[in-house]
1. Within the stretch 482-494, is even one residue out of contact with any Pro (no Cβ under 9 Å at 6 or more places or on another chain), within 19 Å of Ala559 (Cα to Cα) and not acidic (Asp, Glu)?
2. Name the pairs: first residue in the stretch 299-328 and on the phi > 0 side of the Ramachandran plot, second residue buried (at least 17 other Cβ atoms within 10 Å of the Cβ) and of a type outside the set (Gly, Ala, Ser), Cβ to Cβ under 6 Å, at least 6 apart or on different chains?
3. Can you confirm whether the stretch 479-493 contains a residue that is outside any helix (DSSP H, G or I), within 27 Å of the chain's Cα centre (by Cα) and of a type outside the set (A, V, I, L, M, F, W, C)?
4. So, Glu401, is that one surrounded by fewer than 15 Cβ atoms within 10 Å (Cβ to Cβ), more than 30 Å from Gln481 (Cβ to Cβ) and free of Cβ contacts under 8 Å to residues at least 12 places away in the same chain or not?
5. Every residue in the stretch 475-505 that is of a type in the set (Val, Ile, Thr) and surrounded by 17 or more Cβ atoms within 10 Å (Cβ to Cβ), please.
6. Does Leu418 count as at pLDDT below 90 and aliphatic (A, V, I, L, M)?
7. Just one of (1) more than 26 Å from Arg399 (Cβ to Cβ); (2) over 22 Å from the mean Cα position of the chain (by Cα); (3) among the hydrophobic types (A, V, I, L, M, F, W, C) trips up Val366, so point out which.
Amino acid sequence: GATRDTFEASYRTIAETLLLPRRTDAEVNVLALVRDWLQKVDGNPFLMVIDNADNVDIHSGNVLHDDGLALYLPKCDHGKVLVTTRSRNVAEKLVGHGEWIQQVPVMEHDQALQLLYRRLGSEEESDARDLIRALDHIPLAISQAAAYIHRRRPRVTLRSYLEEFNGSQKRKRGLLRSDKGDLGRYEGVSNSVLVTWQLTFDRIREDHRRAANLLALMSQFQSQNIPESMLHGYDDTVTDSQSDQDDAGVSLNNEGSDGGSDGSEFENDLDVLRGYSLVTVKTSVETRKNTLALGHTSTLTSMANLASTYSNQGRWEEAETLFVQVMETSKTKLGADHPLTLTSMANLAATYRNQGRWEEAETLGVQVMETRKTKLGADHPSTLTSMANLASTYRDQGRWEEAETLEVQVMETSKTKLGADHPDTLSVMAHLASTYRDQGRWEEAETLEVQVMETSKTKLGADHPDTLASMANLALTYSNQGRWEEAETLEVQVMETSKTKLGADHPDTLKSMGNLASTYRNQGRWKEAEILEVQVTENFKTKLGADHPDTLKSMSNLASTYSNQGRLNEAETLEHE
């Protein structure tokens with residue numbers, strides 16, 4: 001919402017974007033500077049939107065000479081100011097004339113139904129109508145409920161959510177007590193918003209304690225532009241008390257820090273909250289584009305960091321767009337062999353590889369490897385990384401001999417340069433084992449995988465993602481040899497730990513579920529396989545898209561399970577897709 005801080009921050013951003021003279025002078029009132037520039041006689045037409053101006057202090061009592069912030073709204077014939085607020089009092093003080101105030105009516109039933117369908121797709125109409133009536137046609141409550149249902153499909157449906165919503169009268173009565181003397185609660189806010197919020201928060205607290213702790217810490221801040229650097233120590237945050245935010249969501253200003261916790265864990269916790277539509281992440285990329293030249297290394301680094309975040313979340317198209325910008329700009333501004341250029345090329349190649357675009361990945365991978373050999377040397381860690389990445393591209397295309405040649409070189413050099421237990425050495429050992437496995441060389445694969453798993457447990461911990469990956473690889477080798485019990489034991493461990501550490505719909509968790517389903521399928525345990533495969537397929541469709549290779553593979557596996565149960569029509573439908 002519009003507060004003094006967000007109002008002033010927005011004006012400073014305008015001043016920076018327009019490069020207004022004297023904007024950085026300590027004695028200059030930036031609010032007046034921007035207002036005067038906007039309302040100058042020869043100015044261009046403009047529309048200013050002040051969203052969520054729900055704080056009456058915007059009109060009075062500012063620290064700048066005791067003036068109200070309304071004093072700094074531009075007043076001119078060539079510009080318009082649109083203010084949104086949930087407070088009639090604020091509206092009247094800002095506008096003054098009643099005829100200039102437009103009351104936004106409650107969302108109509110068909111509009112609310114359309115909003116729900118847009119968030120969830122086609123649903124049983126009677127259930128949908130019952131739910132939006134229970135939610136008082138409030139868009140915020142509908143969006144929150146839809147995010148919850150979407151996140152937990154197929155275990156949660158419209159009907160089951162409605163039953164949970166209506167089921168606990170005691171909880172609702174407790175929530176509604178907040179109406180008495182609650183100065184932080186906006187007038188006219190439906191109780192349905194509180195109930196949907198509480199259902200969501202309870203579920204997150206039960207399934208993702210760390211993510212709930214992070215949200216509880218965020219709730220102590222004003223809801224917009226929370227600096228990521230402020231989110232330290234949230235592992236210890238108490239989540240047992242209800243926090244009442246002005247809005248049912250917060251926005252985080254990504255400054256490129258790790259949030260005070262392990263970077264990957266922070267991103268995973270943040271991704272859980274994003275999945276429930278509770279937070280949005282904004283970035284110091286657009287600001288740097290405005291204040292620095294696009295070719296400035298700080299700008300490019302910020303863009304690359306954001307692209308990496310998108311990639312870690314499986315948002316390949318958004319990652320690709322930024323990586324391409326960074327790569328092209330780096331080539332032009334810094335040179336084709338600059339480290340930042342090569343890193344951006346390697347990241348773009350990885351993005352292509354994750355989308356199954358092997359030829360594009362290979363072209364970039366070869367360029368990066370050859371340039372690094374020339375610039376850094378054949379045994380430099382960065383060169384070895386590029387060789388390992390190119391080997392992965394070869395392996396994904398079934399070019400085993402080319403992959404093996406590179407991987408053996410990288411493994412031997414890494415052992416010498418970095419040590420046998422270095423994470424990079426373990427990584428290439430795992431890749432080489434995979435190449436052996438894909439060729440049916442089970443004993444060679446198993447020998448390497450056992451080494452990798454045991455060393456990873458010792459060096460990284462039993463629940464580290466790399467350790468889990470090594471366990472999954474060894475389980476796959478067991479499966480390929482028909483050693484089902486050994487495979488199942490490892491796969492169950494990997495799946496359960498992944499659910500706890502990464503979340504139930506994380507791509508790595510879904511792959512572990514698919515592996516376990518495959519083991520069930522190979523033993524003729526069709527029902528157990530089907531339950532997992534349905535979950536995997538639906539989540540992959542949502543997370544990666546219907547045409548992603550992992551999605552298609554999961555659909556093929558489910559079709560096979562149907563076929564083996566004699567359910568040929570269902571199998572045929574999937575195979576056709």
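1. no
2. Gly314/Pro507; Gly314/Lys543; Gly314/Leu544
3. For the stretch 479-493, residues outside any helix (DSSP H, G or I), within 27 Å of the chain's Cα centre (by Cα) and of a type outside the set (A, V, I, L, M, F, W, C): absent.
4. So Glu401 fails the test.
5. Matches in the stretch 475-505: Thr477, Val494, Thr497.
6. Taking the combined requirement at face value, the residue satisfies it.
7. (1)
Matching residues to (1) farther than 22 Å from Lys415 by Cα; (2) of a type in the set (D, E, K, R); (3) surrounded by fewer than 16 Cβ atoms within 10 Å (Cβ to Cβ):
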position: Ala346; (1), (2), (3): yes, no, no
position: Tyr352; (1), (2), (3): yes, no, no
position: Gln355; (1), (2), (3): yes, no, no
position: Ala361; (1), (2), (3): yes, no, no
position: Ala378; (1), (2), (3): no, no, yes
position: Ala388; (1), (2), (3): no, no, no
position: Thr393; (1), (2), (3): yes, no, no
position: Asp396; (1), (2), (3): yes, yes, no
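The values are calculated or read from the model by the stated rules, or taken from the named source; none is laboratory data. On a predicted model such as this, the values are computed, not experimentally measured, just so you know. Here the Cβ is made from the backbone with ideal geometry for all residues, glycine too, and neighbour counts use every protein chain on show. Remember, those area values only see protein heavy atoms, side chains included, never the ligands or the DNA or RNA. Shrake-Rupley method; radii C 1.70, N 1.55, O 1.52, S 1.80 Å.
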